[in-house]
Amino acid sequence: MIANEIRKKFISFFTASPRNHQEIPSASLIPENDPSSLFTSSGMQPLITNLLGEKHPLGTRLVDSQKCFRSQDIEEVGDNSHTTFFEMLGNWSLGDYFKKEQLPWNFKFLTEELKLDPKRLYVTVFEGNPSVPKDTVSIEIWKEIFAGAGIRALEGERIFAYPAQKNWWSRSGEPEKMPPGEPGGPDSEVFFDFGEKLHLHERSIYAKEKCHPNCGGGRFMEIANSVFMQYQKMPDGMLKELPQKNVDFGGGLERMAAATNDNPDIFQTDLFSEIIATIEKVTGKEYSNESNKPAIRIIADHLKAATFMAAEGLEPGNKQQGYVLRRLLRRATVKLRFLTNTSPDMEQFQPIVESVLHAYKGTTYFDKVNSQAIEKIIGPELLKFTKSLDKGLKEVQKISQISGKIAFDLYQTFGFPLEITAELFAQKGQQIDRQQFEAEFRKHQELSRTTAKGVFKGGLADHSEKTTALHTATHLLQQALKNILNYAVRQKGSHITAERLRFDFSYPQKLTPEKLQKVEALVNQKIKENLPVTMEIMTLNEAIKSGASTVPGAHYPEKVKVYTIQGFSKEVCGGPHADFTGRLGSFKIIKEEAAGTENRRIYASLTS
Ligand code: SER
């Protein structure tokens, strides 16, 4: 079955009676006003406030397909199931239905809509810990479900209980790792069995073990995850029951498609096949040749992820999301360079980008952009790096002795993976000190982890008083810019940490110090006036008619929240916000700079 069909089936299955879910559009890949992560990496991320109890404009039953990016998987891409970009099909109960509805619906979808053979489905549940009991409720429900399909499901044979490391879900993992404020809960996963022969195949270190869903041998693939999100971590380290019991379901679309194809290679689903065919064409290398597969998969995944990011206006850069985009483009360029032994050019990149757009033609993801706009963002970066790569290769030829440290520098600077450097020097009869390389690599990993922790630091600091205040200040800033610059400023991006706000907006030139000072003064005046901030739910059309600002390129549901700062600003926004502007403190612009060629960026903070 093709993935574009599965996506549609999932949405119709959950919107149909008796399930009656409302469809919500995919949120942006780059989360707005959420300092806890660089990218949207799961369907629940844009719904955190609702899982914690805030009402959602569309009610208590939601369904969607969410664009996701997981940078932690970047090194894993190359095998048959890892990607950095993927789509997550999701359905949610916000304090509405729970296990006894979710598990049978999930099974019905997999077996009746996707027509997966129930005999090839295996399930897992949480085995319990000192504070949360074993999920015997789900075990009983699963037994009944399988019995309905004529299968006697025994624990240890069809139903497996695992510890928190496997069957507890929160954005940060097991309960001990959850920061205060973070929601999470036990989960129940469904695995598809691709057959015994695969257990001996991809990761053969497990070849001699008795196989089970989580043994990682390549035979079983997780295709569905129902999280029973009913706990929240408290500052004292305890788990507290949330006021509402939620269901947070997520299933990887590409993996579901692989299961329906009975082929574990997700790169052979329709969401990749056309992109792979294009890569074969522009490189002259065949995917069916095992030695080409890892490189072709990396090129396909990375250029797909880069295309989605560029479509949202992200530009390659040295920090945060921009750096991730740059890394994706560089890794893809290195792979193309070594696959063909020639310098890649736009004649290769362009058709690949176009094939990504084409693979998603049944969706709205690329409605607001065309391939030229995307190529304009990523083209210069690719070409610049191609030149640097050529130079790097020449440098490499000159080095007579390659230490592990130099190998790591090449990896860092030019994106040369160790195996490629090793290959080049093996030709010259050299051997690389792998231990030294790995020591450097670990140092770097530790550094990235610390950086990631820095990003995550606040956990739900995004909804702390400080970030909420900065969010409201961002609305004041947008309106103040409109008034002072006398220009129809549009929001191009927003990112808030506990320390500052960052706001990107359309404006063709640098702001003069006088203008900046006036903007700052107007925001402070509105704070002083202590204006009430109110929220109303209305249709998107009503919101636009009422003069509320929207973010260009964003996909909105039919019903939206509109936040009004009395007599001053009106914006469609997910919230949350301060109730009165007087709570914000003193507003200060820290910096103004260019953000790409057509937009400006302002950093600002609040002090009490
Ligand atoms: N949040 C869970 C996941 O990402 C289920 O949606 O797997």
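Of everything in region 338-390 that is acidic (D, E) and in a helix (DSSP H, G or I), the residue that is nearest to P552 (Cα to Cα) is E375.
Matching residues to (1) in contact (Cβ under 8 Å) with a residue 12 or more places away in the chain; (2) touching a helix residue (DSSP H, G or I) at 6+ places or on another chain (Cβ under 7 Å):
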residue	(1), (2)
S12	no, no
H21	yes, yes
A27	yes, yes
E32	yes, no
L38	yes, yes
L51	yes, no
L58	yes, no
Q66	yes, no
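Of all residues in region 123-170, those that are more than 16 Å from the ligand (Cβ to nearest atom) and either open to solvent by 50 Å² or more (accessible area, probe 1.4 Å) or within 26 Å of the chain's Cα centre (by Cα) (or both) total 18. Looking across E542, E536, E529, E514, one residue alone is of a type in the set (D, E) and touching a helix residue (DSSP H, G or I) at 6+ places or on another chain (Cβ under 8 Å). It is E529. Can you tell me which residue is least open to solvent (accessible area, probe 1.4 Å) among those in region 264-288 that are at pLDDT 95 or above, part of a loop (DSSP other than H, G, I, E, B) and over 30 Å from S28 (Cβ atoms)? Once the filter is applied, the top-ranked residue is Y287. Screening region 11-52 for residues that are among the small types (G, A, S) and over 28 Å from K466 (Cα atoms) and picking the one that is least open to solvent (accessible area, probe 1.4 Å) gives A16. Does I30 satisfy being of a type outside the set (S, T, N, Q) and either more than 15 Å from the ligand (Cβ to nearest atom) or more than 21 Å from A224 (Cα to Cα) (or both)? So I30 passes the test. On the basis of being among the aliphatic types (A, V, I, L, M) and touching a residue at least 24 places away in the same chain (Cβ under 8 Å), does L154 make the cut? No. Among the residues examined, E101 qualifies as open to solvent by 30 Å² or more (accessible area, probe 1.4 Å), away from the ligand (no atom under 15 Å from the Cβ), touching a strand residue (DSSP E or B) at 6+ places or on another chain (Cβ under 8 Å) and assigned to a helix (DSSP H, G or I).
So in region 109-155, with the set limited to residues that are among the charged types (D, E, K, R) and in contact with a Phe, Trp or Tyr (Cβ under 8 Å, 6 or more places away or on another chain), which one is farthest from D262 (Cα to Cα)?
Filtering first and then ranking leaves K134.
One residue alone among K8, K67 is over 30 Å from K143 (Cβ atoms) and open to solvent by 40 Å² or more (accessible area, probe 1.4 Å), and that residue is K8. Just one residue in the set K319, K285 is farther than 20 Å from S37 by Cα and not polar (S, T, N, Q); that residue is K285. Taken together, the residues in region 85-98 that are open to solvent by less than 10 Å² (accessible area, probe 1.4 Å), under 30 Å from I299 (Cβ atoms) and either within 14 Å of the ligand (Cβ to nearest atom) or at pLDDT below 95 (or both) amount to 3.
Screening R449, R442 for residues that are modelled with pLDDT under 70 and open to solvent by 40 Å² or more (accessible area, probe 1.4 Å) leaves exactly one candidate, R449. Filtering region 218-234 to residues that are away from the ligand (no atom under 16 Å from the Cβ) and more than 21 Å from D117 (Cα to Cα) leaves only M234. Each residue in region 72-81 was checked for being away from the ligand (no atom under 15 Å from the Cβ) and either in contact (Cβ under 8 Å) with a residue 24 or more places away in the chain or assigned to a strand (DSSP E or B) (or both), and 5 of them qualify.
One residue stands out among those in region 251-263 that are open to solvent by 10 Å² or more (accessible area, probe 1.4 Å) and away from the ligand (no atom under 16 Å from the Cβ): the one that is nearest to F109 (Cα to Cα), which is T260. For region 519-552, enumerate the residues that are open to solvent by less than 80 Å² (accessible area, probe 1.4 Å), within 23 Å of N50 (Cβ to Cβ) and not β-branched (V, I, T). Correct list: M538, L540, A543, A548, S549. Pairs meeting the criteria (first residue in region 235-250 and under 19 Å from M44 (Cβ atoms) and within 16 Å of the ligand (Cβ to nearest atom), second residue at pLDDT 95 or above and β-branched (V, I, T), beta carbons under 7 Å, at least 6 apart or on different chains) are D248/V227. Scanning region 296-332 for residues that are farther than 14 Å from K384 by Cβ and assigned to a loop (DSSP other than H, G, I, E, B) yields E312, G313, L314, K319. In this structure, K335 qualifies as open to solvent by 30 Å² or more (accessible area, probe 1.4 Å) and in a helix (DSSP H, G or I).
Comparison of E558, E536, E542 shows that the only residue that is out of contact with any Cys (no Cβ under 9 Å at 6 or more places or on another chain), among the charged types (D, E, K, R) and free of Cβ contacts under 8 Å to residues at least 12 places away in the same chain is E542.
The values are calculated or read from the model by the stated rules, or taken from the named source; none is laboratory data. All values derive from a computational prediction rather than experimental measurement. Backbone-built Cβ (ideal geometry, glycine too); neighbour counts: all protein chains shown. SASA here: full protein model, heavy atoms, side chains in, ligands and nucleic acids out. Shrake-Rupley method; radii C 1.70, N 1.55, O 1.52, S 1.80 Å.
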